[in-house]
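The values are calculated or read from the model by the stated rules, or taken from the named source; none is laboratory data. Values in this document were obtained by computation on a predicted structure and should not be read as measured data. Virtual Cβ from ideal backbone geometry, glycine too; neighbours counted across all protein chains shown. We work out accessible area using only protein heavy atoms, side chains counted, and drop any ligands, DNA or RNA first. Shrake-Rupley method; radii C 1.70, N 1.55, O 1.52, S 1.80 Å.
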Amino acid sequence: MARSILLLRSAPAAPVRGGRARTDAVVRLGAGSLLWLSLLLVTYWWVAAGGVQDLGSWESGLLSAGRISGLVASDLLLVQVLLMARLPLLERAFGQDRLAHVHRLVGFTSFDLMVAHVVLIVWGYAGGSVPHIPAETWRMTWNDPGMLIAVAGTLCLVMVVVTSIRAARARLRYESWHLLHLYAYLGVGLALPHQLWTGTDLVGSTGRTIFWWSAWAVTAAAVLVFRLGVPAWRNLRHRVHVTSVVAEGDGVVSVHLGGRNLHRLRAEAGQFFVWRFLAGEGRTRGNPYSLSAAPTHESLRITVKDLGDQSGRLKELAVGTRVLFEGPFGRLGDRARTRDRVAFIGAGVGITPLRALAEGMAYAPGEAVMLHRYRDRPLMQLELERLSDQRGLELLWLPGTRRSDRSWLGGHVGSADDLTALTSWVPDITERDVYVCGPTVWTAQVVTTLRAAGLAPDQIHLESFSW
Ligand SMILES: Cc1cc2nc3c(=O)[nH]c(=O)nc-3n(C[C@H](O)[C@H](O)[C@H](O)COP(=O)(O)OP(=O)(O)OC[C@H]3O[C@@H](n4cnc5c(N)ncnc54)[C@H](O)[C@@H]3O)c2cc1C
């Protein structure tokens, strides 16, 4: 605890507000436009190749509908992979939780279209007659070029999608689900050859050939560079290792990390990394933990609650343990900020990135307020009180178990509803950027109150500790 207190430093300089948030908004708009443009292009090529006329009769109609659903499914499948390829521009503009959300939407849409493609194409080649479908499926699988591996690819994608359905995912341990999810790359890779060997819509013209080959090449390169190359290079360059492990109480430990030229990571307070601690069982498993103090040239700190195997073994880490990392990730910080006044609302271990923000962000005394929800004992109380003394951070301790399932507040607030309580504590809440972190259901309730108070979506910045 004593060593953690020494982390507090003088106030950082005030940057210009909103510039990066505006850039990110432009990047999001650009990314969305590119996606729609690519979908329009493949649809235009389908129309130009007579796709609409072909819908005029049953058999050719099935094949034509099968072709367009296959084209759109392929386009979205590549977008799917790009969304999780850790492209810095997208990571900065969207943040990983929003990318994961879009990834889920695009994933299920491309899968449904892929299934439609398979059914319609086989049905069409079966002369539009259902009884002939099994025989045609067999014939195509064993005779058409690339079809056998396309079937294997489809089965991989079926397994990935089925295990990602919430009900199925809830039954799987995170690491089992994650391992199965990696088969998505194999599935996408195996689906490619049949497209290029039999997909007349893909290679029927120079323009189409260049489009699809470039799309595949860019996606493959993005995965190799940003999911493998960049992390490998950063870990070689920074050589991160454990310098100390400090118990914070209630099953929570702080892990202090050292390394070379850490400032070159350009990590910011509020961000998180995916960490792999190279000791003991589970060394290959990566877990996301946020920085719990503003990063410095020579040190990083995370603070973790024991919630399972991985988080539980951090307390046993030895000094000097090598650490592999991916990141920094996340937009919970100055990057998304649009106003001078800020509020931090955190529950339990969710206070960790907010404590880092309260240290790393620029604000004048009185411009920042922190609401700390906790059951029995607040986390990092001494550090927060020091920050309050040094930086003029206003602190509001909100103890107790939740007063009801519909409220994010504890019993001590009496009968006032969440909105009344919040606006009485922070009357100018609508003039602030609000950073919220905690369990998913709790953060959703805080957001409901903030929206009811009249905050715009770009004023509310979230980090949920479970995806
Ligand atoms: C962006 C982000 C930042 C986080 N920052 C912190 C932090 O600063 N301090 C802290 O105490 N906790 C943090 N967490 C939560 C932390 O990652 C999980 O508690 C931890 O991964 C649990 O792993 P486990 O093996 O101990 O438990 P398990 O029993 O395996 O899992 C417990 C829960 O954690 C989820 N989980 C497990 N592994 C992962 C993973 N690799 N990625 C995402 N979720 C996983 C599971 O779905 C399950 O709901 C953060 C989570 C996210 C998504």
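The table that follows gives values for the structure above.
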{"quantity": "Trypsin sites (Lys or Arg not before Pro) restricted to the range 335-437 and DSSP loop, no more than 10 other C-beta within 10 Å", "calculated": "406"}
{"quantity": "5 angstrom amide H check on residue 395, placed H, neighbours 5+ away", "calculated": "370"}
{"quantity": "Placed amide H near residue 331: partners under 5 Å, 5+ positions off or other chain", "calculated": "96"}
{"quantity": "HN-Hα J in Hz across the range 279-291 - Karplus 6.51, -1.76, 1.60, θ = phi - 60°, x for Gly and Pro", "calculated": "8, x, 6, x, 5, 8, 7, x, 10, x, 9, 7, 5"}
{"quantity": "Long-range amide H partners of residue 341 with built H, under 5 Å", "calculated": "433"}
{"quantity": "Cβ-defined net charge surrounding residue 283, 11 Å radius [Lys, Arg +1; Asp, Glu -1]", "calculated": "+3"}
{"quantity": "Assigned charges on the beta-carbon of Lys, Arg, Asp, Glu; the chain dipole about Cα centre (debye)", "calculated": "1060"}
{"quantity": "Cα-Cα P(r), the chain, percent of pairs per 10 Å interval", "calculated": "4, 18, 25, 22, 15, 10, 5, 1"}
{"quantity": "Among beta bridges that DSSP assigns inside the chain, antiparallel share in %, nearest 5", "calculated": "55"}
{"quantity": "3J(HN,Hα) from dihedral phi, the range 366-373, Karplus parametrisation 6.51/-1.76/1.60, rounded to Hz, x for glycine, proline", "calculated": "x, 8, 10, 10, 10, 10, 10, 8"}
{"quantity": "Carbon plus sulfur fraction of accessible area for the range 337-465, probe 1.4 Å, in percent", "calculated": "52"}
{"quantity": "At most 11 other Cβ within 10 Å, DSSP loop - GluC sites (Glu not before Pro), the range 202-302", "calculated": "281"}
{"quantity": "Debye-sum result for the range 337-465 in log10 I(q)/I(0), which assumes one identical scatterer on each alpha carbon, at q = 0.11 Å⁻¹", "calculated": "-0.33"}
{"quantity": "Relative frequency of Cα-Cα separations exceeding 17 Å in the range 241-328, percent", "calculated": "41"}
{"quantity": "Fraction of accessible area attributable to carbon and sulfur, the range 205-320 (%, probe 1.4 Å)", "calculated": "60"}
{"quantity": "√(5λ) per eigenvalue of the Cα gyration tensor, the range 19-234, largest first, Å", "calculated": "31, 22, 16"}
{"quantity": "Helical segments meeting 30 Å axial Cα length and Kyte-Doolittle -1.0 threshold in the chain (DSSP H)", "calculated": "19-48, 58-83, 96-125"}
{"quantity": "Rg [Å, one decimal], Dmax [Å, integer] - the range 237-277, C-alpha atoms", "calculated": "11.8, 35"}
{"quantity": "Per residue solvent-accessible surface (Å²) - the range 132-210, probe of 1.4 Å", "calculated": "58"}
{"quantity": "Sum of -39500 (n - 2.57) over DSSP H runs of 4+, divided by residues of the chain (222 nm, nearest 500)", "calculated": "-16000 deg cm²/dmol"}
